[in-house]
Amino acid sequence: MFLDARHSEALSLFHLDHTVITAILKSCSALLAPKLGRVVHSYVVKQGHTFFQVTNKGLLNMYAKCSMLDDCLKLFAQLTHRDSVTWNIVLSGFSGSKKCDPDVMRIFKMMHTSGEAMPNSISVVTVIPVFTRLGYLNAGLCVHTYVIKSGFEQDTLVGNALVSMYAKCGLVSREAYAVFDDIVHKDVVSWNAMIAGLAENGLVEDAFLLFSSMLKGPMQPNYATIANILPVCASFDKSVAYHCGRQIHSYVQQWSELSADISVCNALISFYLKIGLMREAKALFWTMDSRDLVTWNTLVAGYTSNGEWLKALHLFGNLLSLETLLPDPVTMVSILPVCAQLKNMQVGKQIHAYIFRCPFLFYVLLLEML
């Protein structure tokens, strides 16, 4: 009896306040641990912590981040007080799943008409990519009108989302550029969105001019800027392309964070291969401190497209000797034609056997051939 009383006393001391619960829920969200989150939710209900808004928001966020959207909506419907943060949590959760795009539109409309909390800049930034993905330009135009009425047009995040929307809808020269000009504090994402939009719409000279303008200002290009502009350079005549590409390569070498970035180096290798400069591509490949599978695949494909079959096969052998990387379907699609060109049945059979030992790889390759 004495021991039972002590155990009961120990259990009675176990009590979590709402700040600790919120921290636990945040960890559940980060770790994608919905089972533990459900246990915490049960504890919250039993202890009456549902009176705390911060706890409810933590639960909503946990369900949204863990893609438990039915539970998220169920809890949302039970709340008596729903501010803009609460609505945005639900919007963000549904916007993360393409199959839920219509739900995003419905929830955004409910938010706008409910009178509980008007959409803010975060709401707008959340829904615009969904409208863009669906190709609902009219809905995007309505949101833009709301942005202007609400005074969000100079907001950097909102401006970036609108630039991207107009560019992806083919309205880059006038609409996207007008939004870009209105952004008071342009960040690197603003520049990247505009440069990529011009390039995607075939306005490669305008894209390069804008990139040149960026270099003259205080904003430093990042890895995405370089990855966007190098294909633009490759589309020019070879002499112009080489000149522009070399200038960008020289610029990259001035910044350690860019020159050490694998994606930047991959973009440079791909650029040199596109304009037929194998020597420069090989030199950059072998000077890289670290390489990912994209790096290896890019150079293997480069050797193949330039008819250097033996070098492609040798590089593929080097890749197989690594313990940290494994070939993927892209690698196989590049190397199998090499075996055919060299009439090397032995290596071809070895690759065939390797593919059969990796069922997923075999499945993806089948899809590639259909």
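The values are calculated or read from the model by the stated rules, or taken from the named source; none is laboratory data. Because the structure is predicted, anything quoted here is derived from the model rather than measured. Backbone-built Cβ (ideal geometry, glycine too); neighbour counts: all protein chains shown.
Surrounded by fewer than 18 Cβ atoms within 10 Å (Cβ to Cβ), within 18 Å of CYS169 (Cβ to Cβ) and among the β-branched types (Val, Ile, Thr): which single residue out of THR132, THR113, THR145 fits that description?
On the way: THR132 fails: surrounded by fewer than 18 Cβ atoms within 10 Å (Cβ to Cβ); THR113 fails: within 18 Å of CYS169 (Cβ to Cβ).
After ruling out the rest, the residue left standing is THR145.
Taking only pairs six or more apart or across chains, which ones have beta-carbon atoms under 7 Å, a first residue in the range 64-75 that is among the polar types (S, T, N, Q), and a second residue that is at pLDDT below 90?
SER67/SER97
Just a yes or no: is a residue in the range 136-159 over 18 Å from VAL179 (Cβ atoms), of a type in the set (Gly, Ala, Ser) and not assigned by TED's automatic domain parsing to the domain that holds LEU25?
We begin by selecting, within the range 136-159, every residue over 18 Å from VAL179 (Cβ atoms); these are none.
No, there is no match, as no residue in the range 136-159 is over 18 Å from VAL179 (Cβ atoms), of a type in the set (Gly, Ala, Ser) and not assigned by TED's automatic domain parsing to the domain that holds LEU25.
Would it be correct to say that CYS265 is in a helix (DSSP H, G or I), touching a Cys at 6+ places or on another chain (Cβ under 6 Å) and surrounded by 15 or more Cβ atoms within 10 Å (Cβ to Cβ)? Lay out the reasoning, then the answer.
Numbers: in a helix (DSSP H, G or I): yes; touching a Cys at 6+ places or on another chain (Cβ under 6 Å): no; surrounded by 15 or more Cβ atoms within 10 Å (Cβ to Cβ): yes.
No: the conditions fail for CYS265.
Across the range 278-305, what is the total count of residues that are of a type outside the set (D, E, K, R) and not in a helix (DSSP H, G or I)?
2
Would you confirm whether any residue within the range 227-247 is surrounded by 14 or more Cβ atoms within 10 Å (Cβ to Cβ), among the basic types (Lys, Arg) and within 24 Å of PHE131 (Cα to Cα)?
No, because not a single residue in the range 227-247 is surrounded by 14 or more Cβ atoms within 10 Å (Cβ to Cβ), among the basic types (Lys, Arg) and within 24 Å of PHE131 (Cα to Cα).
Can you tell me how many residues within the range 143-197 are in a loop (DSSP other than H, G, I, E, B), more than 19 Å from THR126 (Cα to Cα) and among the small types (Gly, Ala, Ser)?
Of the residues in that region, 1 qualify.
Having 2 or more residues that are more than 28 Å from VAL143 (Cβ to Cβ) and of a type in the set (Lys, Arg) is the bar; report the helices (runs of 4 or more DSSP H) wholly within the range 10-112 that clear it.
On the way: elements: 18-31, 34-47, 53-65, 69-78, 84-95.
So the answer is 34-47.
Quick check, is VAL172 β-branched (Val, Ile, Thr) and more than 25 Å from SER250 (Cβ to Cβ)?
yes
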